[in-house]
Amino acid sequence: MMTIAEIRGKVSATGTNLSDRMEDLLTSDVFGCMRYIPAEKVLIPFLREARSFKGNNLVVPDNIVAVHYSFWPWLKLPRRIPCEPDVVVGLEIEDGYVHLIMIEAKYYAGLSSEEDERNEPNDQLARELDNLDTITCAALGWKPSIRISSRTLLFATQDMGIPRDLLAQSLDEYRRKRHKEGDIFWVSWRFLPSILELSLEKEIVSEHAAVLEDMLELLLRKGLMMFKGVEQVIEYFDLPAFYKYFWPDIRRLDIDYTYEGVK
C-alpha cells in the first residue's frame, strides 16, 4: 500500500530523510490504513480510548455515516500562527454535522515549537488548539456545506501514560494568551494492538483482515504494545510427589534444613 507520507512529500524521493520522518510514516501507515476499513473496526475504538488532561473521556457518536480525512493540512488562519497538524478527522453524523478531531502524532521527537514573546500561542499544542478554534471545513479541503458540531485536539504518543507536565505547559500558555480554558486529549499508539487483535477475531472479510494484520505487524515490529503483566500460573507442583523424589537427597546434605537448626 503506497504511504500517504510519500504522496504528501513527507519522505524524499531517495528516502534520505527517513530517519527524520518516523512520526510522519507512522501516522501515514496507521491512519492511511484506517481509511480502507470501516471506522467501527479500529478508528472509533481507538478514539474512544482517549482521555483528556482534565479527565474527560472522548465522546464519539454512534450514528457515523462518513469519515473525512485531511493529512498534514497547512492552516494559516487570521490572527493565528500557522500550523500543520498530522491529520484531521471529521466524523460525519446523519444530520450533516461533523465531529472534528485534530491529531498531533509523536513517536520519538518532542514538540516542534515552544512559547515565545508573541501575543499568540506558539507552543505546538497551544498553537494547534488556537487554530482549532476557527478552522473551517473549507480550509481542510472538505465541502464547505459540512458544519462542525465539536472540535477536539488529540495528542498521540507512545507513552504508557498521559504526559501531564507537557499538556499542562501547553494549556497554560493557551489560557494566558487567549484568556480562556482549553483541553487536550491524549491517546497512546500502544492501545492499538489489542484493538486490532479483537477486531481480527471477528473479521470475516479477507481484505479487511489483511489490512488489520499489516497494521498489527507494523505496531508489534515497532514495539508499540502495552506490558500485559505476568501471566497467571495455571500449573502447580504436586508437593507430596516433590518431597517423595527429592527429600532423600536433601537429607544427605550436611546442612541445616529446619527453622530450629536441627539436622
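The values are calculated or read from the model by the stated rules, or taken from the named source; none is laboratory data. All figures in this text were calculated on a predicted structure; none of them were measured in a lab. Glycine gets a Cβ as well: all are built from the backbone with ideal geometry, and neighbour counts include every protein chain shown.
Observations on the model:
- Of residues in region 141-153 being among the hydrophobic types (A, V, I, L, M, F, W, C) and surrounded by fewer than 21 Cβ atoms within 10 Å (Cβ to Cβ), the one farthest from Q124 (Cα to Cα): I146
- Residue match in region 103-112 (condition: surrounded by fewer than 12 Cβ atoms within 10 Å (Cβ to Cβ) and of a type in the set (A, V, I, L, M)): yes
- Test for F191: is it within 17 Å of the chain's Cα centre (by Cα), at pLDDT 95 or above and crowded, with 22+ Cβ neighbours inside 10 Å: no
- Of residues in region 197-223 being in a loop (DSSP other than H, G, I, E, B) and either in contact with an Asp or Glu (Cβ under 7 Å, 6 or more places away or on another chain) or modelled with pLDDT of 90 or more (or both), the one farthest from L25 (Cα to Cα): I204
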